[in-house]
Amino acid sequence: MKVALIAGTGGLPPVVAQAARQDGWDLVLCEMLGFPSDVDDALPRLQFRIETLGTFLATLVEDGVTHVCMAGAVQRPAVDPGMIDEATVPIVPRLMAAMAKGDDGTLREIVKVFEEAGLTVMGAHELAPGLLPPAGGMTQTPIPDIELDVKAAEAALADMGRADMGQAVLVRAGQVIAREDARGTAALLADHSSELVESPTHASGVLAQLMDAIRHTLAWISSTLNPLDPLPGAGAFLYKAPKPNQILQADMPVIGPDTAMQAAEAGLDGIVIAHGGVMVLDLDQVVNILDGQGMFLWVQP
């Protein structure tokens, strides 16, 4: 079987590509023009435009591709109507109607388009099953009694799912104190980080990146040296899980070392994820970061 890995940005595509190659999958790397991935493997590469999606699908089938895996982040591209080719014209009204229903509706329609072309859509976790940790506590820190908190988080996610918004919440003392929006989990955590991390900068380019790195480092040191100083997120934890009826083979939630660092900077007590519904990049590093801060990671059965 031959798999087209449609890779976006972020740390997920390189992990999926490496795992798939190690397991003997025949891969071709596909990248949307303008959104190069960080996969540096010597894989056959194929670039495509959304305006020529129909031709792209035909090319995959002609090349013997049988399966498709979508991994990584891709922003909605600017579409040039003048570049839409004949093979893509029938798909355009379907995608436009789907986009009006939100990201979830768009993904569902894209999956249908791939399947109608004779391609099987598979999840990143199927190519890289090691991304799904087993159920239970992953860290040395004991899991506190958070049953009521988890129920509140689940109810909030069900509500968010009906509006097709967000996959994560912050919970404290049985109450949801913040919900993820279209900006993502990183923004949710940044909103609840210490004032040091949130302080604005008007610099740009390399200087801005350097200043941002310094602020994060100082916040990390501060939380380590002054564990008794409460941060805005003290007593709270991050809960992340799929929305109800989410298409997991195309859009499964992910956390990784960056999430762990951001959760620590926000002063959270830990992270809870749904077993079989959230992938973890570099689990060992995530655990090390959380253990170093006395935080917990619970994979909820």
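The values are calculated or read from the model by the stated rules, or taken from the named source; none is laboratory data. None of the values given here were measured: they were computed from a predicted structure. When we count neighbours, we look across all protein chains shown, and the Cβ atoms used for this are built from the backbone with ideal geometry, even at glycine. Just so you know, the surface numbers come from the protein's heavy atoms only, side chains and all, with ligands and any DNA or RNA stripped out. Shrake-Rupley method; radii C 1.70, N 1.55, O 1.52, S 1.80 Å.
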| said: Taking the conditions exactly as written (of a type in the set (Val, Ile, Thr), within 30 Å of Pro14 (Cβ to Cβ) and either modelled with pLDDT of 80 or more or in contact with a Ser or Thr (Cβ under 8 Å, 6 or more places away or on another chain) (or both)), does Val280 satisfy them or not? | reply: yes
| remark: Of (1) part of a loop (DSSP other than H, G, I, E, B); (2) over 20 Å from Gly294 (Cα atoms), Ala178 satisfies every one except (1)
| task | Can you tell me which residue among Leu53, Leu60 is open to solvent by less than 70 Å² (accessible area, probe 1.4 Å), under 30 Å from Gly166 (Cβ atoms) and part of a helix (DSSP H, G or I)? | result | Leu53
| said: Take the conditions at negative phi, surrounded by 20 or more Cβ atoms within 10 Å (Cβ to Cβ) and of a type outside the set (A, V, I, L, M) and apply them to Pro13. Does it pass? | reply: yes
| query | Would it be correct to say that Leu132 is among the aliphatic types (A, V, I, L, M), more than 27 Å from Phe48 (Cβ to Cβ) and touching a helix residue (DSSP H, G or I) at 6+ places or on another chain (Cβ under 8 Å)? | reply | yes
| remark: Within the range 84-97, of all residues that are part of a helix (DSSP H, G or I) and more than 22 Å from Ala7 (Cβ to Cβ), the one least open to solvent (accessible area, probe 1.4 Å) is Val92
| Residue check: is Leu5 closer than 13 Å to Leu127 by Cβ, at pLDDT 95 or above and buried (at least 16 other Cβ atoms within 10 Å of the Cβ)? | yes
| query | Quick one: is Ala163 open to solvent by less than 70 Å² (accessible area, probe 1.4 Å), at pLDDT below 95 and more than 24 Å from Asp291 (Cα to Cα)? | reply | yes
| message | Would you confirm whether or not the range 168-189 contains a residue that is acidic (Asp, Glu) and either touching a residue at least 60 places away in the same chain (Cβ under 8 Å) or touching a strand residue (DSSP E or B) at 6+ places or on another chain (Cβ under 6 Å) (or both)? | response | yes
| said: Please go through the range 139-149 and give me each residue that is over 16 Å from Ile255 (Cβ atoms), open to solvent by less than 40 Å² (accessible area, probe 1.4 Å) and in a loop (DSSP other than H, G, I, E, B), ordered by number. | reply: Thr141, Ile146
| request: Return the pairs, sorted by first residue and then second, in which the second residue is assigned to a helix (DSSP H, G or I) and open to solvent by 40 Å² or more (accessible area, probe 1.4 Å), the first residue lies in the range 92-119 and is without any contact (Cβ under 8 Å) to a residue 12 or more places away in the chain, the beta carbons are less than 6 Å apart, and the residues are 6+ apart or on different chains. | output: Thr106/Met99
| Matching residues, the range 104-138, being under 30 Å from Asp269 (Cβ atoms), assigned to a helix (DSSP H, G or I) and open to solvent by 20 Å² or more (accessible area, probe 1.4 Å) | His125, Pro129, Gly130
| Can you tell me which residues in the range 19-46 are open to solvent by 60 Å² or more (accessible area, probe 1.4 Å), under 18 Å from the mean Cα position of the chain (by Cα) and at pLDDT 90 or above? | Asp38
| Candidate set: the range 180-195, residues that are buried (at least 18 other Cβ atoms within 10 Å of the Cβ) and not hydrophobic (A, V, I, L, M, F, W, C); chosen: the one farthest from Thr259 (Cα to Cα) | Ser194
| field | Checklist (1) in contact with an Asp or Glu (Cβ under 6 Å, 6 or more places away or on another chain); (2) more than 21 Å from Asp159 (Cβ to Cβ); (3) at pLDDT 50 or above applied to Val197, failing item | value | (3)
